[in-house]
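The values are calculated or read from the model by the stated rules, or taken from the named source; none is laboratory data. It should be emphasised that the depicted structure is a prediction, and the values quoted were computed from it without experimental measurement. Note that we place each Cβ from the backbone using ideal geometry, even for glycine, and neighbour counts take in every protein chain shown. The protein model used for the area step is the full one, side chains on, heavy atoms only, and it has no ligands, DNA or RNA in it. Shrake-Rupley method; radii C 1.70, N 1.55, O 1.52, S 1.80 Å.
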Amino acid sequence: MNRRRNHETAVNKVMKRLGKLGRKPSRVYKNVTLKTENGGQSLDGIVLDRGGIRLVRAYGWGTKIYGKPEDPKRKEEFKNPLFELNAAAEIIKNALKDQGMEKIKVTPLVVFADNYQIPELYLGYGSCSTTYQELKAWYKKQGIPKEAAYDVEKASAAVEGLLTAGTGNA
């Protein structure tokens, strides 16, 4: 496989772009493991920006993706990443609720980031999926407020408390 067409490269470029789109105040965590009852759940990234918290899964290859957000599999090639991201979102929402920050929006985001082939997505409205090439337009459609709707520092501390040791910042 081409050295620029792999999972690590996709994660790096997606998280870098999300960090720029998020502007300040924002936090970007890359290649993290969320503490769970079963040990841990790895995520490609977590982004805290003015509009909320996004749990990110990146794919470094292009393809045609069919299905609906609630389907367990997409085109029978891989498991639907939204199930995993939604489970992680519930863990984070519960932790935020315990600290009085239940109004923070926590959403999954799947980004297909292929340098050579733009994926074709047929996922329906509200799929929380986009391509790297359309990420900026997708972000603008989210209606991010000009000022942070919550205390990013406090939320960041809460999220960091859920991460296992050794997981990093971008």
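Heavy-atom accessible area for Glu160, with the other protein chains in place and a 1.4 Å probe, reaches approximately 90 Å². Our estimate of slack between Lys24 and Ala137, defined as 0.36 nm per intervening residue step minus the Cα-Cα distance, is 38.8 nm. Could I have the simple spin-label model distance between Thr107 and Lys93, label points 7 Å from Cα toward Cβ, reported in nm to one decimal? Modelled inter-label distance: 1.4 nm.
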